[in-house]
Amino acid sequence: MSDPRPTPSASVYLESRYRKLVRGLPQTVLFCPRCKGGRRRRVGCPLCEGRGRLAEDSVQQIIGRSLTPLFGARTCRFHGAGREDIDVLMLGRGRPFVFEVVGPAHPELEVADLHSAVGAAAGGRIEVAPFVRCTRERVRFWKTANFAKTYRARASLEAPPAVDPAILVGGDFVLAQRTPERVAHRRADLIRERRVEVQAVTVVGACELDLTLRCEHGTYVKEWVSGDGGRTVPSVARLLGAPATCTELDVLDIGDLEKAESVRSVPPR
């Protein structure tokens, strides 16, 4: 008697964009850096309290819970075009990603309405654009593509600024950024040159500003606000003559997505 169960196929690749509408949600599973999420090692881990993770959910998991069962797949992989910090919103047109469905039993599943299934399960935390089938080459493309980004950064000053913050508007600053201390454990200790254009400054309080910035790929925006103890020069803190901290950060837009998406190849069916 033949086995009625479908035979798993090779991976299916789906391209989309996500918008992250809440803070505290990582892009991918945030495993505990101490126990690495291992079943045995996480027992008694004081950092994650035995959970193996530092966050209960992620963009990857929300999408995976919706799509993996529909495809009858074993597992899934998430390939993002960069990532934002866990406390940063991803707004505008969203961040491109490729969702890889590994070993699907139903590879021919219609994808036109899958974004609605994700949205219904997301509880308002994320939104995804309609999925489009693509090839594995798109994973390589998005992993190596560099795009300028537009941000809104909330700068909180420890004292009133020594100069009018409006002097920042229109500024095109060339930064010397040494690898921030917060990522030094996973990034080479280098000094990188990055460009930041200040498009607008809104005063929201005596010691609070909202900055609209267009930044070169790879710019550490939080550190540009604070100066990171002198590791980023110049900085908002130095330019305004007052210690500053970036207390909120939102990605408002990512580069020329239309051009990047226009060269997408579709796999044969």
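Among the residues of the range 218-228, those that are closer than 15 Å to VAL198 by Cα and not in a helix (DSSP H, G or I) comprise THR219, TYR220. Of the strands (runs of 3 or more DSSP E) contained entirely in the range 25-131, those carrying at least 1 residues that are farther than 26 Å from GLY255 by Cβ and at pLDDT below 95 fall at 75-80. Restricting to the range 132-162, and then to whatever is in a loop (DSSP other than H, G, I, E, B) and within 17 Å of the chain's Cα centre (by Cα), can you tell me which residue is farthest from VAL221 (Cα to Cα)? Checking each candidate, the answer is ALA145. For the range 64-101, residues that are touching a Phe, Trp or Tyr at 6+ places or on another chain (Cβ under 9 Å) and of a type outside the set (Lys, Arg) total 17.
Name every residue in the range 155-178 that is closer than 12 Å to ALA237 by Cα and not acidic (Asp, Glu), in order of residue number. ALA155, SER156, LEU157, ALA159, PRO160, PRO161, ALA162, VAL163, PRO165, LEU168 - these are the residues of the range 155-178 that are closer than 12 Å to ALA237 by Cα and not acidic (Asp, Glu). Take ASP172 and tell me if it is modelled with pLDDT of 95 or more, on the phi < 0 side of the Ramachandran plot and buried (at least 18 other Cβ atoms within 10 Å of the Cβ). In short, no. When the residues of the range 45-75 are filtered to those that are among the basic types (Lys, Arg) and either under 17 Å from the mean Cα position of the chain (by Cα) or farther than 17 Å from ASP113 by Cβ (or both), the one that is surrounded by the fewest Cβ atoms within 10 Å (Cβ to Cβ) is ARG74.
The values are calculated or read from the model by the stated rules, or taken from the named source; none is laboratory data. Quick caveat: nothing in here was measured; it's all calculated off a predicted structure. Neighbour counts are summed over all protein chains in view; Cβ atoms, including those assigned to glycine, are modelled from backbone coordinates with ideal geometry.
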